[in-house]
Structures are given as C-alpha cells and as structure tokens.
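Asks: Can you read through this structure? Questions will come right after.
The values are calculated or read from the model by the stated rules, or taken from the named source; none is laboratory data. Given the structure is predicted, the values throughout are model-derived calculations rather than measurements. Cβ placement follows ideal geometry from the backbone for every residue including glycine, while neighbour counts extend to all protein chains displayed.
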Amino acid sequence: MDLPCTPSFRLDGRRALVTGASSGIGLGCAVALAEAGAEVTLAARSVDRLEELRENFTARGWAAQALPLDVADVAATRASVTQAGPYDILVNAAGLARHAPALETTEDDFDAVTAVNLRGAYFLTQAVARGLIEAGRGGSLINISSQMGHVGGIDRALYCASKHAVEGFTKAMALEWGKAGIRVNTVCPTFIRTPLTEPSFCDSERRAWLLEKIKLGRAGEVQDVMGAVLYLATDASALVTGTALMVDGGWTAD
C-alpha cells in the first residue's frame, strides 16, 4: 500500500532574508534556515557584526550574504530588497521595546517603537511580497511578533500596541496574497533569554512573575523559536497562513 510522504523540512535552493540577524532570535533563525539549506541574507544595522557573522556562516559551508539594513528607513529598505531580491522567505526579527507605564509613554517612545515594530515590519513585508509577485513566485513571510500581541502586559502598553498591530496586518496580507501562493504568519514568543531580556531575569520578583505565567515553568530559549520559524518556512507548513504560532509555554492559554 502507498504511504503518505512526510513534507520536507529542507530549504535547498531557496533564498531567505532575516532582519535583526546580528544577535538573539534573529541570529538563531538565520542559523536554522542556513542549516536547512537556504541561502541566507543576514540583515541588521551593524555592518561589522554582519560581516563577522557572514564569514562564520561561510566557514561552516552555509551560503550567506550580509546586508546592512535599518527597517525603520522604509525607502532604503524598499530599495535594498528590490535590488537584492526576490526572497522566498522573510523572517523579520528586527524589533524595539521601550517599557514604561502607559502614563509615562512619550511621543518619542511611541514613534521609535512603531517605526520599527509596525511601520518597518509592514513595509518590509510589503517589499518582499512585491518582489515575489513580480517574479510569479510563492513564498513564506514570517514576522516575529510576541505573546504580547495577544494579551496585555504591565508597563507594556506601547509594545503591546505595536505587536497587536502586526497580528492584524499579517492576517489581512495573508488574505490578499494567498492566491499568489504567498503565506504570511507570525511567531509569538514568550520571554526568550537573550542579552536584551537578561535584566528581567536578574530581577528576582520579575523572574518569579515570568515563571508563574509560563505554564511549562521555564523561560524560552532561542532554540524554541528556531524550530517554529523553520516549520513555517518549509513545505511542512504549506497550508498554514494568516495565523500566529504561539511559542509561549502556555502564557496565553489562560
């Protein structure tokens, strides 16, 4: 009898753009895609760091390029993506957080966070999709969102606003581009141990609160996000679009 074939988790022959690739979640996602055979473009603002990472990738036999990019600069990002694309896969891991009580949010805070998390993410996704549509190709576009795109959080009104918005435009874009074979999804991590989140784990009161909310009883690691992104990038998720993949240890299950 014929048995079904497991979809491939390989990405050979596909090109991926990963923003925020110089550290943390972005770097982890770039590694996951490269290990699966994708040609990865490492994008971030730090030119020296990107070149160091590119050399590290190529030394391991992975195909990689470096692309200095600030997603908050929409015009420059659009030009870079148009020139270097099309990309079969996008992982937008660039992000910014300025946490404070809602009454203390300044206009500068609002503009800085939304310039990256919302405006930058929106037009980056648009630019990659436009390149695919013009080339007549499908693809997988993944925005790294957050569990805070689905719930509220103390001192996180601004961050929550930006991530809730990402969830909204992701669903709308998925509806519009589905017929072109373009899938658009988000990955929503809980608190992931990175240099940027380490202060939260060093505060005993804050750490206790985090671990109480995460039902699996541990903080997230970069590897937890890597697996989720690899799934969404590959044919294993060929019928998945317009959805949010929660990597939150049960935080939002309440």
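Asks: Given (1) modelled with pLDDT of 95 or more; (2) surrounded by fewer than 17 Cβ atoms within 10 Å (Cβ to Cβ); (3) part of a helix (DSSP H, G or I), where does ASP48 come up short, assuming only one miss?
Replies: The single condition ASP48 does not satisfy is (1).
Asks: Among the numbered criteria (1) out of contact with any Cys (no Cβ under 6 Å at 6 or more places or on another chain); (2) surrounded by 13 or more Cβ atoms within 10 Å (Cβ to Cβ); (3) among the aliphatic types (A, V, I, L, M), which single criterion is violated by VAL18?
Replies: Only one criterion in (1) out of contact with any Cys (no Cβ under 6 Å at 6 or more places or on another chain); (2) surrounded by 13 or more Cβ atoms within 10 Å (Cβ to Cβ); (3) among the aliphatic types (A, V, I, L, M) is unmet by VAL18, namely (1).
Asks: Do any residues in the range 38-56 that are closer than 21 Å to THR82 by Cα have Cβ atoms under 7 Å from those of residues that are of a type in the set (Asp, Glu), where the two are at least six apart or on different chains, and which pairs are they?
Replies: Filtered contacts from the range 38-56: ARG45/ASP70.
Asks: Shifting gears a bit: If a residue counts only when it is free of Cβ contacts under 8 Å to residues at least 24 places away in the same chain, which helices (runs of 4 or more DSSP H) contained entirely in the range 125-237 have at least 2 such residues?
Replies: Of the helices (runs of 4 or more DSSP H) lying wholly inside the range 125-237, those with at least 2 residues that are free of Cβ contacts under 8 Å to residues at least 24 places away in the same chain span 157-177, 198-202, 204-213.
Asks: Follow-up. Hey, can you tell me all the residues within the range 198-241 that are polar (S, T, N, Q) and either under 26 Å from LEU11 (Cα atoms) or buried (at least 19 other Cβ atoms within 10 Å of the Cβ) (or both)?
Replies: GLN223, THR234, SER237, THR241
Asks: Whether any residue in the range 61-76 is touching a residue at least 40 places away in the same chain (Cβ under 8 Å) and closer than 23 Å to LEU11 by Cα is what I want to check.
Replies: Yes; the residues of the range 61-76 include at least one that is touching a residue at least 40 places away in the same chain (Cβ under 8 Å) and closer than 23 Å to LEU11 by Cα.
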